[in-house]
Structures are given as C-alpha cells and as structure tokens.
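Notes for the one structure printed next.
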Amino acid sequence: MSSMNIDQYIPVRMAQAIANPTFPVLDSQLRAGRHIGLEDLDNHAFLMDFQGELDEFYRRYNVELIRAPEGFFYLRPRSTTLIARSVLSELDMMVGKVLCYLYLSPERLAQEGIFTVADLYDELLNLADETKLLKLVNNRSTGSDLDRKKLQEKVNTSLNRLRRLGMLVMIGDSGKFRISEAVFRFGADVRSGDDPREAQLRMIRDGEAMAADTLSLDDAVDDAGETIVDDGEE
C-alpha cells in the first residue's frame with residue numbers, strides 16, 4: 001500500500017488542534033452547547049490559537065464556531081446540523097434575559113459581580129408578569145403557594161441549564177454565582193444611542209421571543225457536581 005500524505009486530507013494546523021489533549025473535553029463541551037468565556041483561560045486561549053482551523057473543522061458538521069463581540073466562543077448550528085441539540089424552554093430564555101439585565105445593572109459592580117438565586121428570582125418577579133410566569137409552569141395556575149413553589153423549582157432548573165451552557169459560574173457551594181459575558185446571547189438588539197439596560201428591560205416586559213435556533217443544550221451531556229442552591233431554601 002502506498003504511503004499517503006495527511007496534508008492531502010487535513011491541514012497540518014487542524015490536525016495539531018484535534019491532536020491536542022485539550023481538544024476532546026473542549027469539543028464535548030462545545031457540542032453540548034457550552035459557551036467558552038475569558039474566565040476559562042486554557043480553553044479560551046486554545047480557541048483563540050486555533051479559531052480558523054476549528055471553524056473549518058466544525059463546518060463539516062454544519063455548525064459554525066463563533067467568537068462573539070464580548071469575546072466568548074460557542075457553536076452556532078445551521079438548519080442542517082449533524083450535531084444533536086435541544087432548544088431551551090421559554091422560561092430558560094426568560095431567566096437568561098433577566099441574567100443579562102442583572103449583568104448590565106449597577107448592582108453587578110457594587111456586589112463585585114456576585115448574585116444569589118434569591119436576587120435572580122426577585123428581579124424576575126419584579127420585571128416580568130408573575131401570572132405569565134406561573135402559566136409557563138402550569139397552564140391552569142391559580143396563583144397558589146404550590147404554583148409559586150413549582151415556579152421557584154423551575155427557575156432553579158433553568159439556572160442549572162444555563163450554568164451548563166457557561167452563562168454563569170458557581171462560587172463554591174454557597175448558592176452564589178457570577179454572571180458570564182455569555183448572557184449577551186440573551187441580550188436585546190441595541191440601536192445606536194439606546195441604553196442597553198433599557199433595551200433589555202423592554203425585551204423582558206414585551207415578552208420578545210428569541211430565534212428558535214439561537215440557543216441549544218444537549219441534555220444528555222452534563223458536567224458533574226455543581227448545582228444551583230437557593231441559600232438552603234428548597
């Protein structure tokens with residue numbers, strides 16, 4: 001059998017990226033919908049080094065490796081994607097929008113970027129229509145205490161999903177978290193001269209939907225260990 005030159009089939013730089021020991025775990029995270037931000041130093045540096053080669057690699061699966069203006073990376077699927085995905089729920093997206101609003105708030109600087117589940121839940125009820133939120137959990141909701149408890153549980157579930165997407169970073173086991181720049185995936189389109197926070201607030205209160213294919217999560221893949229806990233309150 002004649003010898004074959006690998007350069008005829010795969011560029012050298014792409015081969016170097018795929019052969020790197022960093023790639024397998026990072027590849028699994030990206031395929032699962034995770035966003036890789038600046039706080040993930042090693043993986044982010046790797047993607048910066050091989051962005052062009054890996055974008056070419058992922059296009060073979062009908063997805064694109066995107067670097068957002070805020071600096072984080074993620075995979076954006078095309079309609080013909082070969083990578084399995086599941087679209088986030090309406091409540092997941094609403095929680096994401098509120099996280100983005102908190103990221104833009106003065107409180108983020110005052111609190112050194114640290115929030116609790118209670119902070120998120122209070123802001124969610126303050127900004128959105130509670131009746132509509134309860135309907136997302138139970139279409140026949142009567143506004144009972146049981147319905148509100150179920151809403152809190154669903155919000156915790158949404159936060160855990162968004163954590164797995166790289167939208168927030170847990171701080172120990174305290175139930176506190178730091179919001180990542182990746183929440184700008186939920187950000188409003190801001191026109192020139194607009195206040196980003198006001199634009200985000202309008203989107204939350206107007207109930208603007210996001211494009212169905214913009215965010216996805218492979219529920220079959222999870223990273224072990226961390227979960228969101230609301231300061232001991234279940």
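The values are calculated or read from the model by the stated rules, or taken from the named source; none is laboratory data. As the structure is a computational prediction, the values presented were derived from the model and not from experiment. Virtual Cβ from ideal backbone geometry, glycine too; neighbours counted across all protein chains shown.
Conditions tested, residue by residue: (1) farther than 27 Å from Leu136 by Cβ; (2) under 17 Å from the mean Cα position of the chain (by Cα); (3) aromatic (Phe, Trp, Tyr); (4) surrounded by fewer than 16 Cβ atoms within 10 Å (Cβ to Cβ).
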site	(1), (2), (3), (4)
Tyr74	no, yes, yes, no
Leu82	yes, no, no, yes
Ser86	no, yes, no, yes
Asp92	no, yes, no, no
Leu104	no, yes, no, no
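Among residues of region 15-38 that are under 14 Å from Tyr74 (Cα atoms), none has a beta-carbon under 7 Å from a residue that is at pLDDT 95 or above and exposed (fewer than 13 other Cβ atoms within 10 Å of the Cβ) at least six positions away or on a different chain.
Could you run through region 27-46 and say how many residues are of a type in the set (A, V, I, L, M), surrounded by fewer than 21 Cβ atoms within 10 Å (Cβ to Cβ) and touching a Phe, Trp or Tyr at 6+ places or on another chain (Cβ under 9 Å)? The qualifying residues number 1. Of the residues screened, Asp173 is one that is loosely packed, with under 15 Cβ neighbours inside 10 Å, farther than 13 Å from Leu99 by Cβ and either in contact with a helix residue (DSSP H, G or I) (Cβ under 9 Å, 6 or more places away or on another chain) or touching a residue at least 24 places away in the same chain (Cβ under 8 Å) (or both). If the condition is being over 19 Å from the mean Cα position of the chain (by Cα) and outside any helix (DSSP H, G or I), then region 12-59 contributes Asn20, Pro21, Thr22.
Output yes when any residue across region 142-161 is outside any helix (DSSP H, G or I), on the phi < 0 side of the Ramachandran plot, crowded, with 18+ Cβ neighbours inside 10 Å and aliphatic (A, V, I, L, M), and no when none is. Among the residues of region 142-161, not one is outside any helix (DSSP H, G or I), on the phi < 0 side of the Ramachandran plot, crowded, with 18+ Cβ neighbours inside 10 Å and aliphatic (A, V, I, L, M), which makes the answer no.
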